[in-house]
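**Q** After the structure tokens below, expect a handful of questions from me.
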Amino acid sequence: MADCCSGGTKLLYSCSGSADVGKLADLVTRKLRDDGYARMTCLAGIGADISGFVVSARGADENITVDGCPQACARKSLERIGVAPLSIVLSDMGYEKGKTPVTDELVRTVAVKIMAGETVKTRPVNTGSACGCGGNC
Ligand code: SF4
């Protein structure tokens, strides 16, 4: 439990989808956590509207989402609670849904690219925030 649910100021979420790129997102996120990039926490806690997760996301200095495909389920989950994360989408890095066999080497390669900043990270302009704060409350 030390790596989960205990707060922190730079939080990392994975879409952890069933597709190959969702699996890749999950494993890359765990690798990033293990390498000290940020503290991984549970996207499902956001989806379930559990107060501790929501409060932690809103209070974090930074939230980072790793999604497998353009559906961007992790990013949109954060947007629903008024938080604008830095968004990493693996398909933007060239990894195509249904055509990306997940290997240990690929996980390492993607994690290294993210840690080196060799990927597009975007912060959505329209957060869809219910409170209109733009993700700053
Ligand atoms: S972002 Fe794509 S891969 Fe990830 S959970 Fe959503 S639909 Fe699945």
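Laboratory data are not the source of any read-out in this text; all were calculated from the coordinates shown. Treat the numbers as computed from the prediction; the structure is a model and nothing was measured. Neighbour counts are summed over all protein chains in view; Cβ atoms, including those assigned to glycine, are modelled from backbone coordinates with ideal geometry.
**Q** Using the Cα centre as the reference, give the magnitude of the dipole from point charges on the C-beta atoms of the stretch 10-115 (Lys, Arg: +1; Asp, Glu: -1; all else neutral), rounded to the nearest 20 debye.
**A** Taking the Cα centre of the stretch 10-115 as origin, the dipole is about 80 debye.
**Q** Further question: Gain in length, Ile50 to Glu118, computed as 0.36 nm per residue apart minus the alpha-carbon separation, to one decimal in nm?
**A** 21.1 nm
**Q** Please sort 94-105, 62-73, 40-51 by packing, taking for each peptide the average over its residues of neighbouring beta carbons within 10 angstrom, highest first.
**A** Going from most to least packed, we get 62-73, 40-51, 94-105.
**Q** Taking the mean number of other Cβ atoms within 10 Å as a proxy for protection, how do you rank 115-121, 30-36, 53-59 from highest to lowest?
**A** Ranking the peptides 115-121, 30-36, 53-59 by packing returns 53-59, 30-36, 115-121.
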